[in-house]
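Take a look at the structure below.
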Amino acid sequence: MPSLVRALVAVGAFAATARAQQVPDTLFVPTTSAPALAAGKGPRLMIDGAHVNFHTVNGRYAPFARLAARDGYRVSGNMMPFTDSLLATTDILVVANPLNARNANNNWQLPTPSAFTVDEIAAVKRWVQRGGSLLLIADHMPFAGAAEDLGRALGISWINGFAYDDRHNSIYRYSRSNGLQSHPITNGRAGKNERIDSLVAFTGSAFWVPSGGAPILTIPPNSRVLMPRVAWQFSDSTASISAAGMRQGASLLVGKGRVVAAAEAAMFSAQRAGPRGANMMGFNAPTAPQNAQFALNVLHWLSGLLPAK
């Protein structure tokens, strides 16, 4: 454990600085299959921005919003609390890296209260059960902790930490032989060249799906989830648990609705960080050529273009 901690202290110092500098890559245009829907005629897709989200429609998720719009989805942002009446105005809700106001302005230390009120969680659950579709994304601590209560209401048990493998690596390169599961999302639509054979996740959390649900990304063997009291600050006393059997991606059917849970956010966008934006994360990373198609496949599953199972 001490050698792992020493390595993570160095990695954490770099990663924390890089994350603070993250900006959307507004120039990158990914290669994907042809649009699935007529322009502006697809399902309504709302990207949340009302919960101190680290990723929003006009911010770090602008590349995701542009990708969805290019595929025909009607994309909007949200700055209002979740209520029955608000949720009735959309077909797909995307919530990426929400936070409680306590953890705003990079105050990323314990405790990490829920980003959502009890009433909001109840409204989202009702909406999904009635047929709504939710993409819930919660990155490493503290984002996982802020999404924990909402996840639990839907059958997902998030761990408020950082997932690392036994080589001190938090960037997981998934493949069909390494954690990338066969699923309607990874197989894509027949005859559309949408099969996903590789995917990269850029430092995230981990979760269980205790009952039901279908795995999409299974964390590699010998990984652990480290749970520091302050994000990126690791020591010999940092709590950790085995990540064996945990997920970074899964789908669930909740009542009449569909949910996709993901434990890492950058894989759904295109971002730059570091000196002169040299570090690329997401669609634009040379190691992640299929991430953009994966994001579209997730939307296709949520909107019923792919079979439930």
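Would you tally the residues in region 43-86 being within 16 Å of Ile137 (Cβ to Cβ) and small (Gly, Ala, Ser)? Selection size over region 43-86: 7. Selection of region 252-282 for residues being open to solvent by 10 Å² or more (accessible area, probe 1.4 Å), more than 22 Å from Lys309 (Cβ to Cβ) and assigned to a loop (DSSP other than H, G, I, E, B) yields Gly274, Ala278. Summed over region 220-239, the residues that are open to solvent by 40 Å² or more (accessible area, probe 1.4 Å) and of a type in the set (Ser, Thr, Tyr) give a count of 2. Among the residues making up region 170-180, those that are without any contact (Cβ under 8 Å) to a residue 60 or more places away in the chain and open to solvent by 50 Å² or more (accessible area, probe 1.4 Å) are Ile171, Arg176, Ser177, Asn178. On inspection, Ser242 qualifies as without any contact (Cβ under 8 Å) to a residue 40 or more places away in the chain and either surrounded by 23 or more Cβ atoms within 10 Å (Cβ to Cβ) or closer than 24 Å to Arg224 by Cβ (or both). Counting only residues that are out of contact with any Lys or Arg (no Cβ under 6 Å at 6 or more places or on another chain) and either modelled with pLDDT under 95 or surrounded by fewer than 20 Cβ atoms within 10 Å (Cβ to Cβ) (or both), region 150-163 holds 3 of them.
The values are calculated or read from the model by the stated rules, or taken from the named source; none is laboratory data. These numbers come from a predicted model, not from an experiment. Cβ: placed from backbone, ideal geometry, glycine included. Neighbour counts: every protein chain shown. What goes into the accessible areas is simple: the full protein's heavy atoms, side chains included, and nothing from ligands, DNA or RNA. Shrake-Rupley method; radii C 1.70, N 1.55, O 1.52, S 1.80 Å.
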